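Nothing in this text is a laboratory measurement; each read-out follows from the coordinates by a stated rule. Note that the coordinates shown come from a computational prediction; the quantities given were computed from them, not determined experimentally. Note that we place each Cβ from the backbone using ideal geometry, even for glycine, and neighbour counts take in every protein chain shown.
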Amino acid sequence: MAMRAKPDRATVFISYRREDTAPYARLLQYELRERIPGVSVFMDVDSIEPGQDFVEMIQQAVGACEVMLVLIGRNWLSATDQDGRRRLDNPADLVRLEVQAALDRGIRVIPVLVDGVLVPRGEQLPEPLAALAGRNALELSHSRYAFDVSRPLAAVQGVVSDAPAVAPTSQPAQPAAPTRLDEAGFLAGVKDEAYQAALQSLFTAARSAAWCLSGVRSARRSGSTPATGLSRSPSPGSSPGRVAGTGSAT
């Protein structure tokens, strides 16, 4: 395998589907830039200028990056085009092109599983992406975002040798959600109104999840039933499993 020239600035490529994990991609972009100074983050919305060839720019960016984070949400695997055909089965699908190019070039590809999805099985993927099924994956969820996000950051820092070390984040006693001050500071830097709305929804979900889990723990300690609508145990015959890309119970 040919050696790739090391770019002047280490580059991280965030691969994602906009309708699937766009808010998480924005948050990761922000975290990477804030916590690993000197690292360049490629994200299609910000990194491709109007009028530029999308496929050409992606190929160039993949060739220059040192690590790719592939965000896999509930619809990543099953997303379809306007004709009802699965996007991943189309060789011209941009997400497929991104991941395939990185795998072919021997770039470090890290699947990031969003909100409980599983790593796609090899038989669920088109042949050029089958190797993705064997890559060690990380998890990212809104209910424990503060802890989860430290892992892809540390993984990136481990690949990007010249970047300053990321301060480790210990797991909180309960899943942490962004505070009002965190939200205001972050959203103030996002000029795209559509992304602002999506991010605000994610922040709200994070707070709700943290409050809900806190109430469940308090109720368990006191021996009472939490007023959250959550049962203490799953009903007989139920299964909490989830298949990657479908969001359905297994």
By the mean-Cβ-within-10 Å protection proxy, highest first, 92-103, 125-136, 15-26 rank as 15-26, 92-103, 125-136
Karplus-derived 3J(HN,Hα), 6.51/-1.76/1.60, for each residue of segment 104-115, Hz, glycine and proline x: 5, 8, x, 7, 5, 10, 10, x, 10, 8, 9, 6
Net length gained if the chain between R135 and M57 were fully extended (0.36 nm per residue, minus Cα distance): 25.6 nm
Built amide H within the under 5 Å cut-off of V41, gap 5+: V12
Could you pull out which residues in segment 122-146 have an amide N less than 11 Å from a spot 7 Å beyond the Cα of D89, following the Cα-Cβ vector? 126
When the Debye formula is applied to the Cα atoms of segment 11-159, each taken as the same point scatterer, what base-10 log of I(q)/I(0) results at q = 0.10, 0.11, 0.20 Å⁻¹? -0.31, -0.38, -1.39
